[in-house]
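Presented below is the structure to which this report refers.
The values are calculated or read from the model by the stated rules, or taken from the named source; none is laboratory data. Bear in mind the structure is a predicted one, so any value in this text is a computation, not a measurement. Here the Cβ positions follow ideal geometry from the backbone for every residue, glycine too, while neighbour counts run over all protein chains shown.
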Amino acid sequence: MRTVDLVIAEGGGAALTAAAAVDALQDGGRLLVVLRSGDGPGARRLRRCLCKAASVEVSQMTVMTNAEVVCADGINGVEAVVIRYTRTGRLCAINTRAFLPR
């Protein structure tokens, strides 16, 4: 299990997603972006572009491909998300303080 400050699921408004990602990175947070597609080169480009826009190291951001968020849960807010790898069905739990759904 890992811990990040913000999980963003693929979809939704691109401008809103990019703005939230850049804000989280600039605040020193760790970011996880979950993409359904398996486009490795596209995921690397996304990571480089967002980190460059926020002027931070790429180590602050992770992009998971071939995956989808299946559940977000917590007591007084989001505390964790469960992610399923689409190819294998394997589940992965991530601790997080915030989640931006599709």
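Looking only at segment 6-22, decide whether some residue is charged (D, E, K, R), within 21 Å of residue 80 (Cα to Cα) and either out of contact with any Gly (no Cβ under 8 Å at 6 or more places or on another chain) or touching a residue at least 60 places away in the same chain (Cβ under 8 Å) (or both). Within segment 6-22, one or more residues are charged (D, E, K, R), within 21 Å of residue 80 (Cα to Cα) and either out of contact with any Gly (no Cβ under 8 Å at 6 or more places or on another chain) or touching a residue at least 60 places away in the same chain (Cβ under 8 Å) (or both).
Number of residues in segment 45-62 that are crowded, with 17+ Cβ neighbours inside 10 Å and either β-branched (Val, Ile, Thr) or in contact with a strand residue (DSSP E or B) (Cβ under 7 Å, 6 or more places away or on another chain) (or both): the value is 8.
In the set (1) touching a helix residue (DSSP H, G or I) at 6+ places or on another chain (Cβ under 9 Å); (2) not in a helix (DSSP H, G or I), the condition left unmet by residue 24 is number (2).
If I go through segment 63-102 residue by residue, how many of them are of a type in the set (Lys, Arg) and either touching a strand residue (DSSP E or B) at 6+ places or on another chain (Cβ under 6 Å) or crowded, with 19+ Cβ neighbours inside 10 Å (or both)?
Count: 3.
The residues of segment 36-63 that are out of contact with any Leu (no Cβ under 8 Å at 6 or more places or on another chain) and assigned to a loop (DSSP other than H, G, I, E, B), listed by number, are 36, 37, 38, 39, 55, 57.
For segment 81-102, the candidate set comprises residues that are β-branched (Val, Ile, Thr) and in contact (Cβ under 8 Å) with a residue 24 or more places away in the chain; within that set, the residue that is farthest from residue 70 (Cα to Cα) is 96.
Only one of 3, 17, 88 is among the hydroxyl-bearing types (Ser, Thr, Tyr), outside any strand (DSSP E or B) and at pLDDT 90 or above. Can you tell me which? Among 3, 17, 88, only 88 is among the hydroxyl-bearing types (Ser, Thr, Tyr), outside any strand (DSSP E or B) and at pLDDT 90 or above. The residue list 42, 38, 29, 77 contains one member that is on the phi > 0 side of the Ramachandran plot and either of a type outside the set (D, E, K, R) or in contact with a Ser or Thr (Cβ under 8 Å, 6 or more places away or on another chain) (or both), which is 77.
Taken together, 78, 70 contain a single residue that is modelled with pLDDT of 90 or more and either within 17 Å of residue 18 (Cβ to Cβ) or assigned to a loop (DSSP other than H, G, I, E, B) (or both), which is 78.
Looking at segment 30-41, is at least one residue buried (at least 17 other Cβ atoms within 10 Å of the Cβ) and among the polar types (S, T, N, Q)? The answer is no; no qualifying residue exists.
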